[in-house]
Each structure stands twice: as C-alpha cells, then as structure tokens.
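Novice: Just dropping this structure here.
What follows is calculated from the coordinates using simple rules that are stated; it is not laboratory data. Keep in mind it's a predicted model, so treat the numbers as computed, not measured. Cβ atoms come from the backbone with ideal geometry, glycine included; neighbour counts cover every protein chain shown.
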Amino acid sequence: MGCRVVLLGLPGAGKGTQAEQLAAALHVPHVASGDLFREHLDKRTALGCQAQAYIERGDLVPDEVTTGMVAERLARPDCAGGFVLDGFPRTLAQAVALEQLLASAGIALDVALLIRVSEQVALARLAGRWTCRRCGAIYHTLFSPPRQADACDACGGELYQRPDETPEAHHHRLQVYQEQTRPLVDYYRQAGLLTEVDGEQSIDDVQA
Ligand code: ADP
Ligand code: ADP
Ligand code: ZN
C-alpha cells in the first residue's frame, strides 16, 4: 500500500482507532480533521470560534475553513512522505480541493479505505466512546475499556466524553454523513482508489 491514505466511514466506524495504528505502521502522521478542530477549540483561536457552533450541532464546518486548516497541516514537512487522513474529506468539494492540492505538489492519493459498519453499530460505538484529553487515545466502555477506569493506558491522562457526543448529535451526524459524505464512496470508486473493509470485526482484524 502507498502512504497517502484517506479513511472513509460513518462517525463511529473506527477511523480514528484504525488511523492511529495504520499511521504508526506506515511511519506517517495521523491527520484527523476533528482533532485539529478540537485543538483550535481548546486554544480558542479565531478558527475555533468560527467552527464551534457547527461542531456542537454535529454539522459540517464550511468547506473553506476546513480545507484551509487541513491544507496547512499537510504542508508541514512531516507529511512529505505520506499521511493517514481521518475525517477529511467529508464533502465532494473537499475531495476535489484535496486532489488539486496534492496535484499541485506533483503527488496523489494512493488509497481511500472505506470502513464499513451499519448505523446500528456506529451508534453503539459512539455511545460508549471515551477519549484521552492528553494524547487523544480512543476507548470504549464495553469494546475497548481502559485498564483503569478514567485514566488513559498510554499516558495516564484523563478520559472524557466529547461535548458533541449526545444521542441527538449522533443521529444528526449519521444523517449528515449519508447526505454529504457518502457520495465520496462513488467518487473514489470511480477513481479506482476505493478499498472496502468490514468494520464490524474486532479492532485487530480490521487493522489486519
Ligand atoms: P467522528 O470521529 O465522530 O467522525 P470527528 O472528530 O471526525 O468526528 O469530527 C467532529 C466534528 O468536527 C464533526 O462533527 C464536524 O463538525 C467537524 N469536522 C471534522 N472534520 C470535518 C470536515 N472534513 N468537514 C467539515 N467538518 C468537519
Ligand atoms: P471514528 O473515528 O470513525 O468516529 P473511533 O475510532 O473514534 O471512530 O471509534 C468509535 C468508538 O468505537 C470508540 O469508542 C472505539 O473504541 C470503538 N471501536 C473502534 N473500532 C472498534 C471495533 N472494531 N470494535 C469495537 N469497538 C470499536
Ligand atoms: Zn492518553
């Protein structure tokens, strides 16, 4: 597999979980648009303030804002040898912008990996997701619990549930995926870049 990877899948499909391991195996950075937004929110940057209301509602942040933020990240030297993109692109406009951005640097994506799960599985995963405030490691109360309740196995950091983890926001995010992100599956299939993985297996089996 090449080293420029895009991950697709419903919220809760396991993109972040898989991206972390895949990026480590490929020796490239894991670039997650949601994590970049959360950094901006924490630091209360202008971009963070612009994005906050969208994120809390479970809506997509406008394309210009999102694409600019991700482009800036991909331009950093550590992405020169590749990257695992998680959560971006989420609209056709973002996919086109990404393609142009890479083309202008004389490079292209190697693969778009679709992690396939049903909406039911996605909702069950979202409902139990806990995230480390310090290192971003992802846990699940039932499927991937930390060894010690409330503390991250990797760094000892505090685990928290994201403020956009409400049942209402979850349902809305699935709907937004179906309307705005799902068309990317056909887009990448037509480009000959799509590979599908059954995401309803164990974390290790999906990774394999
Ligand atoms: P999840 O892991 O549940 O799929 P993310 O952490 O990727 O969620 O994203 C959290 C929120 O950040 C999204 O609901 C959305 O508001 C915003 N966001 C993340 N990536 C994008 C994107 N590519 N385009 C627009 N908004 C985005
Ligand atoms: P996404 O980034 O696609 O929104 P995450 O990687 O954050 O998804 O995973 C969502 C939740 O599901 C997390 O709590 C994670 O621990 C759990 N999870 C991820 N992959 C699996 C799996 N294969 N089996 C069971 N639970 C999983
Ligand atoms: Zn941690």
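Novice: Using the structure shown, decide if D186 is surrounded by fewer than 16 Cβ atoms within 10 Å (Cβ to Cβ), among the charged types (D, E, K, R) and in contact with a strand residue (DSSP E or B) (Cβ under 7 Å, 6 or more places away or on another chain).
Specialist: no
Novice: Sticking with this one: Please verify whether F37 is away from ligand 3 (no atom under 16 Å from the Cβ) and either closer than 26 Å to D186 by Cα or surrounded by fewer than 19 Cβ atoms within 10 Å (Cβ to Cβ) (or both), treating the condition exactly as stated.
Specialist: So F37 fails the test.
Novice: Moving to a separate point now. With respect to R57, is the statement that it is on the phi < 0 side of the Ramachandran plot, within 10 Å of ligand 1 (Cβ to nearest atom) and crowded, with 20+ Cβ neighbours inside 10 Å true?
Specialist: When the stated conditions are applied, R57 does not pass them.
Novice: May I pose another question? For the stretch 122-151, which positions are in a loop (DSSP other than H, G, I, E, B) and away from ligand 3 (no atom under 13 Å from the Cβ)?
Specialist: G128, T141, L142, F143, P145, A149
Novice: Please indicate, with yes or no, whether at least one residue in the stretch 75-83 is closer than 24 Å to G9 by Cβ, in a loop (DSSP other than H, G, I, E, B) and away from ligand 2 (no atom under 16 Å from the Cβ).
Specialist: The answer is yes, given that some residue of the stretch 75-83 is closer than 24 Å to G9 by Cβ, in a loop (DSSP other than H, G, I, E, B) and away from ligand 2 (no atom under 16 Å from the Cβ).
Novice: To continue, here is another question. Between A95, A23, which is within 16 Å of the chain's Cα centre (by Cα), under 24 Å from S144 (Cα atoms) and of a type in the set (A, V, I, L, M)?
Specialist: A23
Novice: Same structure, new question: Identify, please: which residue in the stretch 13-57 is outside any helix (DSSP H, G or I), touching a residue at least 12 places away in the same chain (Cβ under 8 Å) and β-branched (V, I, T) and is, among those, farthest from R133 (Cα to Cα)?
Specialist: Going through the qualifying residues, I end up with V28.
Novice: Still on this model: Can you pull out every residue in the stretch 152-180 that is more than 16 Å from ligand 3 (Cβ to nearest atom) and in contact with a strand residue (DSSP E or B) (Cβ under 7 Å, 6 or more places away or on another chain)?
Specialist: E165, the sole residue that qualifies.
Novice: Quick check on my filter: what residues within the stretch 144-164 are closer than 23 Å to D205 by Cα and in contact (Cβ under 8 Å) with a residue 60 or more places away in the chain?
Specialist: S144, the sole residue that qualifies.
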